[in-house]
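The values are calculated or read from the model by the stated rules, or taken from the named source; none is laboratory data. As the structure is a computational prediction, the values presented were derived from the model and not from experiment. Here the Cβ positions follow ideal geometry from the backbone for every residue, glycine too, while neighbour counts run over all protein chains shown. Heads up: the accessible areas ignore ligands, DNA and RNA and are worked out on the full protein's heavy atoms, side chains in. Shrake-Rupley method; radii C 1.70, N 1.55, O 1.52, S 1.80 Å.
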Amino acid sequence: MASLAQKKVMNLALRFCSSRSQWMQHRLLLANLVPNTSLHTHVWPRGHSQMTNRSDSVRFYSGGSVYKMEEKQVQSSEAADLILPNTTTSVTRNEMLDFANKLEGCGSPSDVLDLSCENLPAAFHVSRSLMYMWDTTKKMPDKQKHQELLLMFEHPAFENLLQKAIKCVGNMRPTLISFSLLRMIKLGVPQKSFVIQTFLRTCQERLGEFDEKSLSILATCLIGMESCPNVTVLKESNKEAIKYFCLISSCDSCVFVCMLLQKKALSMTDQMHPHEAQLMISVLGKVGLDSKPLLDICSKKIIGNLQRTNFPRLIPLLQACEELQRCPTDLLTGVSDYVASNLEKWTSKEVPNSLCLINKLRFCPASLLEALTEKVITDPENWSIITLLCFLRVYSSLSYDAQQHREQFLERLSQGLDSYLPQISGWNLLQTVFSLCVLGHFPAAPLEKLLHPSTIEELTGLKERQREIFQMVDLCLRLDQPQLLCSLTVPLSVLGDHVPDAPSVKQWLSESLRSVVAEQPETEGSQRVAVICQSPKAFHFDTYKPRGALAMKMRHLRILGYRPVVVNGPKLKFDSEERRRDFLSKQIFPVHQPSTNLEQGPEKQQPLSQTNTEK
């Protein structure tokens, strides 16, 4: 009986945790959950204007003093905040990308502060600057971190950045507010400072807009803070909000609740049914809990029952893995083998849907792709245009090599696509040709149709992404030099200026490369090496085998006479200088070192960027 009761409790918890929408539907009730205190707090529903008339004054605490703002003062202050987005905080997408790229080159909080002097006080700039200031210090040795933080506080731009934060907090999204507050606390900004108290005050005002993620981050901030009026009131308000969300009366944060869920689930794994294991992984994805022990146990139960799993249950499982951006390799391999062995049973929509979801995880489902390769070769015209385009984009995204069947597969796939060419829009045709270029395959029919004046005219007024794809297609035609019956060139009208952005210089990497090259003996001779920094997203899941655009870039570098060397930028950046130089030396000058094939997955590696070095 006890075991049965426990199962019922667990099922109830799983159903509740997986339906987060209830929290979003009942935010208005939070206003009634906040207990009466000496501090007036207002919880505003999303979209509700804060300019609503109020009959009472509002008081906020800052640094031990009480500041009272009458109704008119409050309204005028909020009016200024509402006007602010149209003046100083409006940021275009290109400006955001440009600022983010510049931040990549920063190696310390002082570097970020130097950069912040050049930008407008937009909420995006403030939150990103604080994020990189903390990220650059958190992995430093304690002594170096202490020195960098001292330099940060002495930097003349630090106070200006905090002033920007005060001005922009009213225009930040709840997640940015809680993240910015957490990073300022981590950087050592005093709790009694006006900026911290302003953020605490804003959290009180806008608590009704906070979702579970924002509440969890805010709870993390409050746990380590000393007691003061603003913190005390906000802790009570946040606790009531989390209680309502989690239906647990004694929780201080969603993280704590997730740990309780994990502990309880681990204690019941022996009694867990395979369907409950699938549901548990879905819950982990919903609440963002990356629990490796629980994932491994649930995966084993699911793998043993895959043959009795239907498609509607498989899709939520893959979606949950995508949300977690993590999944045991054995489970993905099992799913791939299961789908491959049941191709005849699944509909024409179910196969591409499952394939696309697996591809989003960057996992290469070898058995499934091998089975589909045989199907396409046998009967390429038996597939719909949507399915063929899906196959092509997944194969190119994973840079899948069908080995001895490669040329036959690509020819038959192109043959199947040719019959649909009149139906394909200009944009889809451009993506199709680009996918074929990534695979190093250049069939004449789609290329001729893409470069026909009528298609070029259809694609007039190109967006930046479309222009970039045309530039990459042009690069492939120039470097790969495919054997075509007639010469094909991409018109200048769709290439734009065709001046590629210079890769951002990573100072730490440049200095390390110079040191490595200087240490090598002169007898090594001359060689051309391209050092590429990339994120893990450029590789196959759980390996360092390049895929998609990275694989194409490496192919082109070899054509140009370079030997590409791939490094994991984020990991390498925070390694010690000695370990960084040792690693780079082994990869660039492997003559007297044990060989390491980066494409098969080195043990100590991760992301990339572009730097060329010659010796």
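Each row is one residue, and each column tells you yes or no for (1) part of a helix (DSSP H, G or I); (2) modelled with pLDDT of 95 or more; (3) in the same structural domain as L492 (by the TED database).
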| residue | (1), (2), (3) |
| --- | --- |
| A371 | yes, no, no |
| I377 | yes, no, no |
| T460 | no, no, yes |
| R467 | yes, no, yes |
Can you confirm whether S397 is open to solvent by 10 Å² or more (accessible area, probe 1.4 Å), touching a residue at least 40 places away in the same chain (Cβ under 8 Å) and among the polar types (S, T, N, Q)?
yes
Could you tell me whether the range 294-301 includes any residue that is part of a loop (DSSP other than H, G, I, E, B) and of a type outside the set (G, A, S)?
no
Pairs please, first residue from the range 420-431 and under 17 Å from A444 (Cα atoms), second anywhere and in a helix (DSSP H, G or I) and small (G, A, S), Cβ atoms under 8 Å, 6+ apart in sequence or on different chains.
L421/A445
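Just wondering, is there one or more residues in the range 100-116 that are within 21 Å of I217 (Cα to Cα) and surrounded by 15 or more Cβ atoms within 10 Å (Cβ to Cβ)?
No, every residue in the range 100-116 fails to be within 21 Å of I217 (Cα to Cα) and surrounded by 15 or more Cβ atoms within 10 Å (Cβ to Cβ).
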Give me the residue from the range 149-196 that is in a helix (DSSP H, G or I) and hydroxyl-bearing (S, T, Y) and, out of that set, surrounded by the fewest Cβ atoms within 10 Å (Cβ to Cβ).
T175
Residue identified as at pLDDT below 90 and either among the aromatic types (F, W, Y) or surrounded by 15 or more Cβ atoms within 10 Å (Cβ to Cβ) (or both) among N353, N382
N353
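From the set of residues in the range 217-232 that are among the β-branched types (V, I, T) and within 34 Å of the chain's Cα centre (by Cα), which is most open to solvent (accessible area, probe 1.4 Å)?
This residue is I223.
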